[in-house]
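Asks: Dropping a structure here in structure tokens format, bear with me for questions.
Just so it is clear, none of the values below were taken in a lab; they were calculated from the coordinates. Bear in mind that the values here come from a model prediction, so they are computed numbers and not experimental data. Virtual Cβ from ideal backbone geometry, glycine too; neighbours counted across all protein chains shown.
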Amino acid sequence: MSFYQIWIRSFADGNGDGIGDLYGVYDRLDYIKSLGVDAIWFSPVYPSPNADYGYDISDYRNIHPDYGTLDQFRKVLDRAHELGLIVLMDLVINHTSDEHPWFKESCKGKDNPYSDYYIWRDPRFKGEQMLPPNNWYSQFEGLAWEYCETRGQYYLHVFAKKQPDLNMDNPKVREEVKGIMRFWLDMGVDGFREDVITYISKNPALPDGNPLLPMINGLPHYKDGPRLMEYLQEFREVAREYNAIQIGEAPFTPVKTAATYISGPDRVLDMMIQFDHMTADCIMTEYVWHRFMLTKLKKAFTKWQNAMNGRAWNCLYLENHDHPRVISRYGSEKFWRESGTCLAASYIFQQGCPFIYQGQEIGMTNIRLRSIDQYNDVSTINAYHTFRRHRSPESRMRWIHVSSRDSARTPVQWTDGKYAGFSTAKPWFRVNPNYKRINAAAQEKDPDSILNFYRRCLALRKETETLIWGSYKEYYPRSRKHYVYERSYLGDRYLIVCSFAAKETKERLPADWAKAEKDLVIGNYPFSTSDILHPYETRVYHMR
Ligand SMILES: [Ca+2]
């Protein structure tokens, strides 16, 4: 099974106001189907003040007016189902928007029905000086606490100020979550991708974190918390009633812990979105950037492949709305087509479910805006003002260019026409100027395009039991140029060779593969039996 992720604001504008919407999605459902995927995951489409573009929800049971109506959503859902595509919604329940009616009520005082919906604590005092309840930082901006005058207390926000964390220890909040799940499942939605779901149970003592760590110093006290399993089991019961899929996002969750959530018949989630392989060019977050290291990428891939083999199903992905474009990170814009296709083969044939993020299938790359004022993303702007303050503005902008989430949020490049065919009006966010060269229409016509390569890979995967069920084996883990892995099932064997070198290199094959009769079933260069690999060449062999 494979997934296509839509971040709707930048996907396709159907009503000509410059903002992507459900009308645009409806018109592109055939395109999505044509990729060979089985499912759509919608990043949040609910009403939201957009402090974090939809991940700050102000109404869980409606559609943002920018994106359409509930009726339009039902049309999209029905048409998707007709095409055989299942639909997952984003369930964001670690926090709401501060403009959600629950929070507005909660702020008013300590004795209304919503008072205990959020995590409120009294201030600490150092002499006359009022201090927040602990020293945690927010992952997005400043401290993790904001003072509310009317209530005389602080509320916790692990992310932006406008994203107060819900108090999941309150059974009423958990009932609300189940009600929200039922609302969408009753409508016919097939499951959820669950945003930072491993953060929902906090250590109730809320102890201080390590003061030396920026941004994530409170993490050990709110990640994989004491009652997380219990809460996930409650939500699982609802999902079971509907046979719904649950995919949990789990930043920084170690592989052993992940397995406890997603393996076995009593699993509380079906799959987990982990982040290990997204740090092959950075430390913990893209904002602490270093040169790309293939060995680091391979180590993360193989760790999760081995750990989940025979136990659970991996989420395979290289891009989503939270990460810059992968060609600009792990590939090469110079060898754009070659590295885009090589990256596709590097992950699609692993064991698990491949996810494709909008625009990834046409090889969209990072945007480079001149000044920080042109960026929208709250975490990008905060990172710019937090890190590297001693560097020149030019140096800081170069670093924003490699690390900003906004690069994943430029409008999808459909054609080489005005506004890249995304809209008839000026789009809400800048179109990457390379749309004349990189767009879906041009790639439809080109059999060797990145788009058609993705289609070939997904089709091969779908029709090949070995690539679905087969076990995984990595060769040459220490190679800094090549990623070579094998899938085998009941004696049937595939070998995937990916060169991450920007120059010609000599192909190295395991001894039995070198001797064997084999077919090249997919490649990104003209067929050749030469043992020289071109820059970013990938070859998928099948042993006869
Ligand atoms: Ca629109």
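Asks: Given R₀ = 51 Å, what would the calculated FRET efficiency be for Glu230 paired with Leu70, taking r from the Cβ atoms and rounding to 0.05?
Replies: Taking R0 as 51 Å, the efficiency between Glu230 and Leu70 is 0.95.
Asks: Using Stokes-Einstein with the Kirkwood hydrodynamic radius over Cα pairs, what translational diffusion coefficient do you get for region 471-543 at 4 °C and a viscosity of 1.567 mPa s, in µm²/s rounded to a whole number?
Replies: Values: Rh = 12.5 Å.
For the chosen part, D equals 104 µm²/s.
Asks: Under 15 Å from a point placed 7 Å out from the Cα of Thr386 along the Cα-to-Cβ direction: which residues of region 135-173 have their backbone N that close?
Replies: Flagged as within label range: 135-146, 157-163.
Asks: Which whole-number percent is the relative contact order of region 228-317 (Cα, under 8 Å, 6+ apart)? Don't skip to the end; give the middle numbers.
Replies: On the way: 106 pairs, mean separation 24.6, N = 90.
Here the relative contact order equals 27 percent.
Asks: Using just the helices of the chain, give the 222 nm mean residue ellipticity in deg cm²/dmol: DSSP H runs with n ≥ 4 each add -39,500 (n - 2.57), and the total is spread over all residues, rounded to 500.
Replies: Numbers: 17 runs with 160 residues, N = 544.
Here the helix-only value at 222 nm equals -8500 deg cm²/dmol.
Asks: Okay, next question. In whole Hz, with x marking every Gly and Pro, tabulate ³J(HN,Hα) for region 124-138 from phi via Karplus 6.51 cos²θ - 1.76 cosθ + 1.60, θ = phi - 60°.
Replies: 9, 10, 10, x, 7, 6, 8, 10, x, x, 8, 9, 5, 9, 7
Asks: May I ask which residue of Thr257, Tyr31, Cys282 lies farthest towards the positive end of the charge dipole of the chain, with charges of +1 (Lys, Arg) and -1 (Asp, Glu) on Cβ and the Cα centre as origin?
Replies: Cys282
Asks: Compare the Cα positions of Pro164, Gly188, Trp313 along the charge dipole of the chain (+1 at Cβ of Lys, Arg; -1 at Cβ of Asp, Glu; about the Cα centre) and return the one farthest towards the positive end.
Replies: In the chain, that residue is Trp313.
Asks: Straight distance only, please: which aspartates and glutamates reach the Cα of Lys426 with their own Cα at less than 12 Å, same-chain residues fewer than 8 apart left out?
Replies: Result set, ordered by chain and number: Asp13, Asp17.
Asks: What ranking do 241-249, 356-364 get when scored by the average of other Cβ atoms within 10 Å per residue, highest first? Display every interim value, and only then the final one.
Replies: Working: 241-249: 20.0, 356-364: 25.4.
By packing density, highest mean first, the sequence is 356-364, 241-249.
Asks: Still on this structure, I have one more. To the nearest 20 debye, what charge dipole does the chain have about its Cα centre, counting +1 at the Cβ of each Lys and Arg and -1 at the Cβ of each Asp and Glu? Mind showing how you got there, number by number?
Replies: Values: 70 positive and 69 negative charges, 409 e Å.
That gives a dipole near 1960 debye.
Asks: Determine by what factor the alpha-carbon radius of gyration of region 85-125 differs from 2.2 N^0.38 Å, reporting the quotient. Please report the intermediate quantities before stating the final value.
Replies: Values: Rg = 14.5 Å, N = 41, 2.2 N^0.38 = 9.0 Å.
Normalised Rg, Cα atoms only: 1.61.
Asks: In bins 10 Å wide, starting from 0, what share of all Cα pairs of region 390-530 does each bin hold, as a percent?
Replies: P(r) for region 390-530, in whole percents per bin: 9, 25, 27, 23, 13, 2.
Asks: If the cut-off is 17 Å between C-alpha atoms, which aspartates and glutamates fall inside it for Lys503, apart from same-chain ones fewer than 8 positions away?
Replies: Excluding near neighbours in sequence, the set is Glu333, Glu338, Asp531, Glu537.
Asks: About its Cα centre, how strong a charge dipole does region 471-543 have in debye, to the nearest 20, once Lys and Arg get +1 and Asp and Glu get -1 at the Cβ? Intermediate values should be presented prior to the final figure.
Replies: Numbers: 12 positive and 10 negative charges, 64 e Å.
Its charge dipole is roughly 300 debye.
Asks: Moving on to the next point. Would you list, by chain and number, the lysines whose Cα falls below 30 Å from the Cα of Lys104, excluding same-chain residues fewer than 8 positions away?
Replies: Here the lysines satisfying the reach criterion relative to Lys104 are Lys126, Lys161, Lys162, Lys172, Lys178, Lys202, Lys223.
Asks: Go ahead and run the numbers for FRET between Lys299 and Ala511, Cβ-Cβ distance against an R0 of 35 Å, rounding to 0.05. Don't jump to the answer; show the numbers that get you there.
Replies: Working: r = 24 Å, r/R0 = 0.67.
E between Lys299 and Ala511, to the nearest 0.05, is 0.90.
Asks: At what distance in nm do the modelled label points of Val255 and Arg398 sit from each other, each positioned 7 Å from its Cα along Cα→Cβ?
Replies: Label-label distance for Val255 and Arg398, simple model: 3.5 nm.
Asks: Still on this structure, please answer the following. Suppose every Lys and Arg Cβ carries +1 and every Asp and Glu Cβ carries -1, with no other charges. What dipole size does region 393-544 come out with about its Cα centre, to the nearest 20 debye? Before the final figure, lay out each step's value.
Replies: Details: 27 positive and 18 negative charges, 132 e Å.
Roughly 640 debye for region 393-544.
Asks: What length, rounded to one decimal in nm, is gained on full extension from Ser471 through to Phe125, with 0.36 nm per residue of separation minus their alpha-carbon distance?
Replies: Numbers: separation 346, 0.36 × 346 = 124.56 nm, distance 5.78 nm.
Extra length from Ser471 to Phe125 when fully extended: 118.8 nm.
Asks: Which whole-number percent gives the relative contact order of the chain, counting Cα pairs below 8 Å spaced six or more residues apart? Mind showing how you got there, number by number?
Replies: On the way: 1144 pairs, mean separation 67.1, N = 544.
Over the chain, the number comes to 12 percent.
Asks: While we're looking at this one, here's another question. Can you compute 3J(HN,Hα) from phi for each residue in region 520-527, using the Karplus curve 6.51 cos²θ - 1.76 cosθ + 1.60 with θ = phi - 60°, rounded to whole Hz and x for Gly and Pro?
Replies: Rounded to whole hertz, the list is 8, 8, 8, x, 10, 10, x, 3.
Asks: Here's another thing I want to ask about it. Along its three principal axes, how long is the chain when you only count alpha carbons? Whole Å, largest extent first please.
Replies: Largest to smallest, the principal-axis extents are 76, 56, 48 Å.
Asks: Under the Karplus relation 6.51 cos²θ - 1.76 cosθ + 1.60, θ = phi - 60°, what is the ordered set of whole-Hz ³J(HN,Hα) values for region 355-365, x standing for Gly and Pro?
Replies: Each residue's phi maps through the Karplus curve to give 10, 10, 9, 3, x, 4, 6, 10, x, 5, 10 Hz.
Asks: May I pose another question? With a 10 Å radius around each residue's Cβ, average the other Cβ atoms per peptide and rank 497-505, 172-180, highest first. The partial results should precede the final answer.
Replies: Working: 497-505: 19.8, 172-180: 16.1.
In descending order of packing, they fall as 497-505, 172-180.
Asks: Label 7 Å along Cα→Cβ of Leu212; region 248-287 residues with amide nitrogen under 19 Å?
Replies: 283-285
Asks: At a threshold of 8 angstrom on Cα-Cα distance, excluding pairs fewer than six apart, so keeping six or more, what relative contact order does region 471-543 reach in percent?
Replies: Numbers: 135 pairs, mean separation 23.3, N = 73.
The normalised contact order for region 471-543 reaches 32 percent.
Asks: Loop-only check: which GluC sites (Glu not before Pro) in region 59-153 are DSSP coil with at most 12 other Cβ within 10 angstrom? Could you put the intermediate results ahead of the total?
Replies: Values: sites: Glu82, Glu99, Glu105, Glu128, Glu141, Glu146, Glu149; in loops: Glu99, Glu128, Glu141, Glu149.
Answer in residue order: Glu128, Glu149.
Asks: Oh, and also: Along each of the three principal axes of the Cα atoms of region 1-61, give the extent in whole Å, ordering the values from largest to smallest.
Replies: So the three principal-axis extents are 34, 29, 18 Å.
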